[in-house]
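Student: To start, I am sharing the structure in question, which I have written as structure tokens.
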Amino acid sequence: MNNNDQMVLEDNETLEHFFTIGRSLWPDLKEIKKGLALDKSKVPDKVISFMRSTCMNEYGIAHYVKAYYRSYGDNYRMSVWATLWGGEEYLHYLVLRQCLKALDADITTDEYIGLEKGSYEGNSEQYLDEMQVSPHISRHVQQMVYNVLQEYSAYVAYNSVSEAVEDPRLADILRRMANDEMRHCSFFQIALKEYVKTASPEETACIWPQFKAIWNNFSMPQEHIEMFEEKGYATDLYISFWEPKWRSKMAIDLTHYFKQFRVPSAVIA
């Protein structure tokens, strides 16, 4: 385990940098909230299904951020980040919902009820329990490893979907969301690298195998929520948009990043 959970970010500079960038990415949010004009004929049905699934998932992120607060404990900077991150993902929900309204595909009352009945937090925790490669790895580190992968996968998905639509306004919105997700990925990469500076050798040795375990069994947080399963809105739909060029880039970039944590002589118990 990490002997000093306060040592995840050395100072506030990194947090302030990411906060500042995040505040400038959606200057037209008020205009978007007033309504969008999109051409439904230029948006494939499968893309609309993806947008509905992702919209509901972005809405649900605030539900499982609670588990992050628990694992961060008294770590002020990481707790602030969890708040900012959850808020930015909720912003994506707001924007996606306006897009869906413009495409006559808004989220229904029954779907919101289904969302609230689903246990986002419980499913997320169960998944990480199943993926845990060793008792030496903390939930905090598991979450960071998962989020590096998940945020990068969101970057890939949004970029891939943007290339599948012919409506230029919607394509631009999806690319902007992709950039947000890559910024989130970058933060979790920085945080994990900083954490390792004071982690035990046993926990550090778990990071590479934990990455491989999650990579080989990647799952979205909503995977086992009944409503998502019924509608086919879970992981399979999400990863079906990972175009080969984006999938290859993700594999190369993430392998390069996580290789720094390889400890060849370590024994994972």
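The values are calculated or read from the model by the stated rules, or taken from the named source; none is laboratory data. Just so we're clear, the structure is a prediction, and the values are computed from it rather than from any experiment. All Cβ positions, glycine included, derive from the backbone under ideal geometry; neighbour counts span all protein chains shown. Just the protein is used for accessible areas: all its heavy atoms, side chains included, with ligands, DNA and RNA removed. Shrake-Rupley method; radii C 1.70, N 1.55, O 1.52, S 1.80 Å.
Student: For the chain, what is the mean residue ellipticity at 222 nm derived from helices alone (per DSSP H run of n ≥ 4: -39500 (n - 2.57); sum divided by total residues; nearest 500 deg cm²/dmol)?
Tutor: Numbers: 12 runs with 188 residues, N = 269.
Counting only the DSSP helices, I get -23000 deg cm²/dmol.
Student: In percent, how large is the relative contact order of the chain, given Cα pairs closer than 8 Å and 6 or more residues apart?
Tutor: Details: 308 pairs, mean separation 75.3, N = 269.
This gives 28 percent for the chain.
Student: Sticking with this one: What is the ratio of the Cα radius of gyration of region 152-225 to 2.2 N^0.38 Å, where N is its residue count, to two decimals?
Tutor: Values: Rg = 16.2 Å, N = 74, 2.2 N^0.38 = 11.3 Å.
Working it through for region 152-225, the quotient is 1.44.
Student: Also, quick follow-up: Which value, in Å², gives the accessible area per residue of the chain when a 1.4 Å probe is used on the protein heavy atoms? Walk me through the numbers on the way to the answer.
Tutor: Working: 12030 Å² over 269 residues.
Per-residue accessible area for the chain comes out at 45 Å².
Student: Separate question: Which entry in [x] 57, 37, 37; [y] 49, 42, 41; [z] 69, 42, 38 is this structure's computed Cα extents along the principal axes in Å?
Tutor: [x]
Student: Against the longest alpha carbon principal axis of the chain, how many degrees, from 0 to 90 and to the nearest 10, is the axis of helix 139-162 turned?
Tutor: For 139-162 against the chain, the angle is about 30 degrees.
Student: Same structure, new question: What relative contact order, as a whole-number percentage, does region 43-145 give when Cα pairs under 8 Å and 6 or more residues apart are counted? Walk me through the numbers before you get to the answer.
Tutor: Working: 69 pairs, mean separation 37.8, N = 103.
Dividing the mean separation by the residue count of region 43-145 yields 37 percent.
Student: To continue, here is another question. Going by alpha carbons, how many degrees (0 to 90, nearest 10) lie between the helix axis of 120-131 and the longest principal axis of the chain?
Tutor: 40
Student: Continuing with this model, one more query. Work out from phi, with θ = phi - 60° and the Karplus expression 6.51 cos²θ - 1.76 cosθ + 1.60, the ³J(HN,Hα) of each residue of region 231-247, listed in order in whole Hz, and give x for Gly and Pro.
Tutor: The phi angles translate into 8, x, 9, 9, 4, 4, 5, 4, 7, 5, 8, 6, 4, x, 5, 6, 4 Hz.
Student: From the phi angles alone, apply the Karplus equation (6.51, -1.76, 1.60; θ = phi - 60°) to region 176-191 and give each ³J(HN,Hα) in whole Hz, x where the residue is Gly or Pro.
Tutor: Values per residue, Gly and Pro as x: 5, 5, 4, 5, 4, 5, 5, 5, 4, 4, 4, 5, 5, 5, 5, 4 Hz.
Student: Do the alpha carbons of any pairs in Lys33/Lys101; Lys66/Lys117; Lys46/Lys66; Lys30/Lys101 sit beyond 21 Å of each other, and which pairs?
Tutor: Checking Cα-Cα distances, Lys46/Lys66 exceed 21 Å.
Student: Could you state the angle between the C-alpha long axis of helix 13-23 and the longest principal axis of the C-alpha atoms of the chain, as a value from 0 to 90 degrees rounded to the nearest 10?
Tutor: 10
Student: Now, a different point. Could the peptides 175-186, 152-163, 116-127 be put in order, highest first, of the mean number of other beta-carbon atoms found within 10 Å of their residues?
Tutor: Numbers: 175-186: 19.6, 152-163: 22.5, 116-127: 17.4.
Order by mean packing, descending: 152-163, 175-186, 116-127.
Student: Shifting gears a bit: Give the carbon-plus-sulfur fraction of the accessible surface of the chain in %, rounded to a whole number; probe 1.4 Å, heavy atoms of protein chains only. Could you put the intermediate results ahead of the total?
Tutor: Numbers: 6190 of 12030 Å².
Answer for the chain is 51 percent, counting heavy atoms of protein chains only.
Student: Near Lys197, which lysines are there with a Cα under 22 Å away, not counting those fewer than 8 places off in the same chain?
Tutor: Cα-Cα hits under 22 Å: Lys212, Lys259.
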